[in-house]
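Here's the structure we're looking at; comments come further down.
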Amino acid sequence: MKQRFIKILSFAVLLSSNFHAQTFNNLFRTKDRQDNLEDFDLKKFSYGFYLAANNFDYKMVLSPIFGMDGNQNLVESKATYSFGAGLIGKMRLNEFLDLRIEPGLHFVQRDLTFNTFDHNSQYSGGTNYNLPFDPITDPTEEQIKKVVKSTYVDIPILLEVHGDRWYNSRPYAAAGINYLVNLQSNQTSTEDNLLNTFRTTTHNFGWSAEIGIQLYFSRFKLTPAIRGTFFSNNELVSDNATTQPYWTPAISTMQTRAFMLVLKFE
């Protein structure tokens, strides 16, 4: 019985060793290794599409008068997760450089909380910064929490720098500029936060930076990447002059910053 057990154990060890040796050879061998899509990156132009999981937030600088109580911030921004999708157009410049344009559509929601009512009611008599107003002593949930929905048409132009292929992969980094149109900005609306309409700019500019790795399969190229996009302009549209200074006067500047997990298919 003991000898039989030893034989079975020896056979299992031999089989396991052979399996691991073959697996190692298939994954890491260089001789007779097949490269996928060898001529793909030699094309002058190529196309594809991408999907994105997004995290959008506002970077805010608050007014020291209406937006802060000492060192306490009276306005808070809560980031939310969203999604986007777009197209890819690539032009090959040389062996290591590509120029990309990747127009996309991003659906975004951010939540702003204004804890300004108790503090800013002290300025109801008027100051050099605001007209006299009737204070709001019992604000509603809609007045305190503003749900800001945005739909961005994003048009980034990126310069991509990549290394040499290693097996069926290639690392890269990219950076460029963005033009973004917010289809839900409400910029031209005459209503403001007094009527629960939060207004932002329609036309925006920014810059992006991205890193990722390109994976070559037999029929397509898959690229997982991480991208950061940062607006350069102030997106805030001020409330009307006759509106109480509980909302936009509390914010000096407000700029979007976004982080995206992108999957590209070419």
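The values are calculated or read from the model by the stated rules, or taken from the named source; none is laboratory data. Every value quoted in this text rests on a predicted model; they were computed, and no experiment measured them. Please note: Cβ atoms are built from the backbone with ideal geometry, for glycine as well, and neighbour counts cover all protein chains shown.
Summary of computed values
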{"quantity": "Condition met for S185 (of a type in the set (S, T, N, Q) and within 16 Å of T151 (Cβ to Cβ))", "calculated": "yes"}
{"quantity": "Selected residue [touching a Lys or Arg at 6+ places or on another chain (Cβ under 8 Å), free of Cβ contacts under 8 Å to residues at least 60 places away in the same chain and closer than 25 Å to T113 by Cα] from S208, S232, S189", "calculated": "S189"}
{"quantity": "Residue that is modelled with pLDDT under 90, surrounded by 11 or more Cβ atoms within 10 Å (Cβ to Cβ) and not in a strand (DSSP E or B), where the choices are L37, L14, L27, L9", "calculated": "L37"}
{"quantity": "Qualifying residue in region 111-122 (condition: of a type in the set (F, W, Y), over 22 Å from L183 (Cβ atoms), modelled with pLDDT under 95 and touching an Asp or Glu at 6+ places or on another chain (Cβ under 9 Å))", "calculated": "no"}
{"quantity": "Within region 245-266, considering residues that are among the polar types (S, T, N, Q) and part of a strand (DSSP E or B), the one surrounded by the fewest Cβ atoms within 10 Å (Cβ to Cβ)", "calculated": "T253"}
{"quantity": "Verdict on Y179 being touching a His at 6+ places or on another chain (Cβ under 8 Å), within 28 Å of N240 (Cβ to Cβ) and modelled with pLDDT of 95 or more", "calculated": "no"}
